[in-house]
Amino acid sequence: MAQASGGYYVPHGTKWPIVGSIGLTTAVVGAANMLNGTFSSAQAMMFVGFAIIVFMMVGWFGQVIRESEAGTYGHQEDISFRMGMMWFILSEVMFFAAFFGALFYARMFALPWLGGEGTGLSTHDTLWPSFENIWPTNGPAHIGGPFETIPAFDIPLVNTLLLLTSGVTITLAHHALRKNQRTPLVWWLIATVALGATFMYFQVYEYIHAYSDLNLTLGSGIYGSTFFMLTGFHGMHVTVGAIMLMVITYRCMKGHFTPEHHFGFEAVAWYWHFVDVVWLGLFVFVYVV
Amino acid sequence: MSVTATELDHHDDHDHKPSGFLDRWLFSTNHKDIGTLYLVFSLVMFLIGGSMAMIIRAELFQPGLQLVQPDFFNQMTTMHALVMIFGAVMPAFVGLANWMIPMMIGAPDMALPRMNNWSFWLLPFAFAMLLSTLFMDSGAPAAGWTLYPPLSLQGGNSFAFVIFAIHLMGISSIMGAINIIATILNMRAPGMNLLKMPLFVWTWLITAFLLIAVMPVLAGAVTMLLTDKFFATSFFNAAGGGDPVMFQHIFWFFGHPEVYIMILPAFGIVSEIIPTFARKPLFGYVSMVYATASIAFLSFIVWAHHMFTVGMPLGGELYFMYATMLIAVPTGVKVFNWVSTMWRGAMTFETPMLWALAFVILFTIGGFSGLMLAIVPADFQYHDTYFVVAHFHYVLVTGAIFAIIAGVYYWLPKWTGNMYNETWAKIHFWWSVISVNVLFFPQHFLGLAGMPRRIPDYSVQFTEFNQWSSIGGFAFGLAQVFFAIILIHACYYSKKKAAAQSWEGAKGLEWTIPSPAPHHTFSTPPKINKDQLAAGHLD
């Protein structure tokens, strides 16, 4: 059904995008109805939507992988894929920037003003004259009740080391691939996945600890909001990255990729380094400072 | 002359269009078909958003409440903005990019054709979700398109639908932008250097960068709204240590680049049309490129001029005032260059040129009122009045929309192979350009006299200007229905066939291929003859 058109490969006809649109729409309409509590099976609708999205991704990526292994893509297509991934990662960076921006704005401006700094800003005087700006805080109304925070130089430090090490192992895997040493390649990839999974294990452990022992929840004022949204979105990205790593590990075991032609591998490595760098920002600004 | 690629196309067995309707439109990977889908979608949304504007103008025809409930009026102002921005203007530009960029740079298609399909096919779903809120018991969102908390958090069931619809639109825009950047940077024919690209391609390259940088920020902002409403977070709640003003900062960090996303491609279209009908190369091509890039850079550092009255420290007010005024410099360069292009040109005034000229004059009026709004002490008077409404409708209607209409008249012969009816199109132009000024110019006076925006009722002394405005509004709305008729006529019934080079003075690769453009063009890269290029005077 797909034909090469002259120099550049232009596929003819694709069913996957419309499947993806149906899946995404089903998922978000289900989610919206679930949030509104309009009908009881909304949650099921949301999961059906997610299932359709997974089906689409398997089908779409599978088709691209088959085309790639059949040698359909040349140098120019390779550059298109590289640019696509590069700019996609930039868009992800900007998504995290919004949440980092919220954290910085709250700590640099909103909380000092609530604590009485500045002139002509009367919220402090008229509403909460006793509020002092001390981080961490859940605000002048103590939303969510008293809570404790997770110390940086404990599990978070271990997690930092885990992710940094995983950045080294995936680079070693890449070197092995370029030298066409398939056995070390697979083992370094498995090590990377294992490090990522251990990271996620500790994150889940930490969340359970926060909710059950520290009373630190998503509802713990601005601290809980920024803490859980930043680490939560990061954790989702690590999970997605780990799934991507598992896929390329499987592909490497199947003998996919050549020492010269392995953009699928590199895209996942870029993505993994991106979640790694975001974590460094999180470690410094969410846990340490 | 070298039209080698297109000649080859005729012998290409793969050149046939897909035969089935679904194959052609639902599963398309063809940049021209997807461009058509975008443009048709945009026209439909333009008419839907326009009907909402008609309801607003009908209610405002006289003081007091007569036609609609205040809450429904607020739903109309909110939905009109969302539909026009995300449904009409942005998809129209992406549609033009899809159609024209591959043909302008000598590429066989967009760089990522399957993703191109998805970029479009998310939009009908997103807008079905958004428009479905009109039929909910609690109605559509009514807190304004800017969704400021805490007001937006107090809406009904529509809220979650709007947030998720915006997420889908954002995904669509980001994928579209990635595709456009990859196409421009990777798919140019040999010899099509960056500084030989048509200016429409340049402006879209920079716009795509803006989209990738700011659409995710909007996604983050609306996600925070969602969690504040449903998951007990306190981002915008001062009692929890957050700040409702923080939303405005994050929103306008997206919002200000967004307004340039809606005008830079318009600059590009006008920069194609004016040289054609002045029969002169664009004056100051390189300075146009740098001016566009400067405007894009400045768009990131001026956002708080939308919120001068919100209670910022004085240093912030001063900084954002001066930074905003700086934008007048590169914008002035552009207007100067358009005027200089026409200086001593052999001018003719076909319909695309008329729209482009109206763009230059009326967009500049919108730019001047923007400068007035940039002055902090003056803005304290103008803020949230009809002066602001007049300002942004001059830049968006007589700016963005006029440029889109100009582009449609300019390139329609290439798309369909037919000429539109020139007499009707000129009637459409004069009808629109007069009515749009009757519609929006009095709103300056209303705003200066203190009439607030987004209110269904007003004090009696504002009646006369409002009646002028409403009459202009109905006339302008009707003119656009006429536009749709002209387009349908041109596509299906026009007997007048277009030449490959549809306009005498037109330069650029798109005019070297037949009209209508074959389903596939430039399957092998064309040889570029510098006489064919608009920017060919460079060397």
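The values are calculated or read from the model by the stated rules, or taken from the named source; none is laboratory data. Quantities reported herein were computed from a predicted structural model and do not represent experimental measurements. No Cβ is skipped: glycine too gets one built from the backbone with ideal geometry, and neighbour counts run over all protein chains shown. SASA here: full protein model, heavy atoms, side chains in, ligands and nucleic acids out. Shrake-Rupley method; radii C 1.70, N 1.55, O 1.52, S 1.80 Å.
I need the Kirkwood Rh of segment B:390-481: take the reciprocal of the average 1/r across all distinct C-alpha pairs and report it in angstrom. Intermediate results must be reported in sequence, preceding the final value.
Values: mean 1/r = 0.0682 Å⁻¹.
The Cα-based Kirkwood calculation yields 14.7 Å.
Taking a probe of 1.4 Å and counting only protein heavy atoms, give the total accessible area buried between chains A and B in Å², rounded to the nearest 100.
5600
How large a share of the accessible area of chain B, in percent, is made up of carbon and sulfur atoms when the probe is 1.4 Å and the other protein chains stay in place?
Carbon with sulfur: 70 percent of the solvent-accessible area.
Please give the Cα centre distance for segment B:400-461 versus segment B:133-171, rounded to the nearest Å.
That distance is 28 Å.
Longest segment of chain A with no chymotrypsin sites (Phe, Trp or Tyr not before Pro) in a DSSP loop having at most 16 other Cβ atoms within 10 Å?
A:154-289
Net charge near B:Phe200: determine it from the other residues with C-beta under 15 Å of the C-beta of B:Phe200, scoring Lys and Arg +1 and Asp and Glu -1.
The answer is +3.
So what J values fall out for segment B:453-463 if you push phi through Karplus, 6.51 cos²θ - 1.76 cosθ + 1.60 with θ = phi - 60°, rounded to Hz, Gly and Pro as x?
Along segment B:453-463, the couplings run 8, 6, 10, x, 10, 8, 6, 4, 5, 8, 4 Hz.
Over chain A, what relative contact order in percent results from Cα pairs under 8 Å that are six or more residues apart?
17
Let a ≥ b ≥ c be the square roots of the eigenvalues of the Cα gyration tensor of the protein assembly as shown; is it rounded (a/c under 1.5), or, if not, prolate (a/b larger than b/c) or oblate?
Cα axes put the protein assembly as shown in the oblate bin.
Which residues' amide hydrogens lie under 5 Å from the amide hydrogen of B:Thr385, considering only partners 5 or more residues apart or on another chain, with H built in the peptide plane?
Result for B:Thr385 returns B:Arg453.
Taking only DSSP H segments of four or more residues, each worth -39500 (n - 2.57), what value at 222 nm results for chain A once the sum is divided by all its residues, to the nearest 500 deg cm²/dmol?
-23000 deg cm²/dmol
Are there any residues in segment B:160-192 with a reduction of at least 10 Å² in accessible surface when going from the isolated chain to the assembly of protein chains? Probe 1.4 Å, please list them by number.
Buried by 10 Å² or more upon assembly, which counts only protein chains, are B:Ala160, B:Phe161, B:Phe164, B:Leu168, B:Ile171, B:Ile174, B:Ile178, B:Ile181, B:Ala182, B:Leu185, B:Asn186, B:Met187.
Please report, in debye to the nearest 20, how large the charge dipole of the protein assembly as shown is about its Cα centre when each Lys and Arg carries +1 at its beta carbon and each Asp and Glu carries -1 there. Kindly include the intermediate steps, with their values, before the conclusion.
Working: 31 positive and 41 negative charges, 362 e Å.
The calculated dipole for the protein assembly as shown is roughly 1740 debye.
Summing +1 for each Lys or Arg and -1 for each Asp or Glu, what net charge is found among the other residues whose Cβ lies under 14 Å from the Cβ of A:Ile222?
Counting the neighbours of A:Ile222, the net charge comes to -1.
What net charge do the residues around A:Lys254 carry, taking every other residue with its C-beta under 15 Å from that of A:Lys254, with Lys and Arg at +1 and Asp and Glu at -1?
Local net charge: +2.
List, in order, the whole-Hz ³J(HN,Hα) value for each residue of segment B:356-365 obtained from phi through the Karplus relation with A = 6.51, B = -1.76, C = 1.60 and θ = phi - 60°; use x for Gly and Pro.
Values per residue, Gly and Pro as x: 5, 5, 4, 4, 4, 6, 6, 4, 5, 4 Hz.
Excluding ligands, DNA and RNA, what is the solvent-accessible area per residue of the protein assembly as shown at a probe of 1.4 Å, expressed in Å²?
38
Which order do A:Glu260, B:Glu510, A:Glu117, A:Glu69 take by accessible area at a 1.4 Å probe, largest first?
My answer, sorted largest first, is A:Glu260, A:Glu117, A:Glu69, B:Glu510.
Under the Karplus relation 6.51 cos²θ - 1.76 cosθ + 1.60, θ = phi - 60°, what is the ordered set of whole-Hz ³J(HN,Hα) values for segment B:181-198, x standing for Gly and Pro?
Running phi through 6.51 cos²θ - 1.76 cosθ + 1.60 with θ = phi - 60° gives 4, 4, 4, 5, 7, 10, 10, 5, 5, x, x, 7, 5, 3, 8, 10, 5, x Hz.
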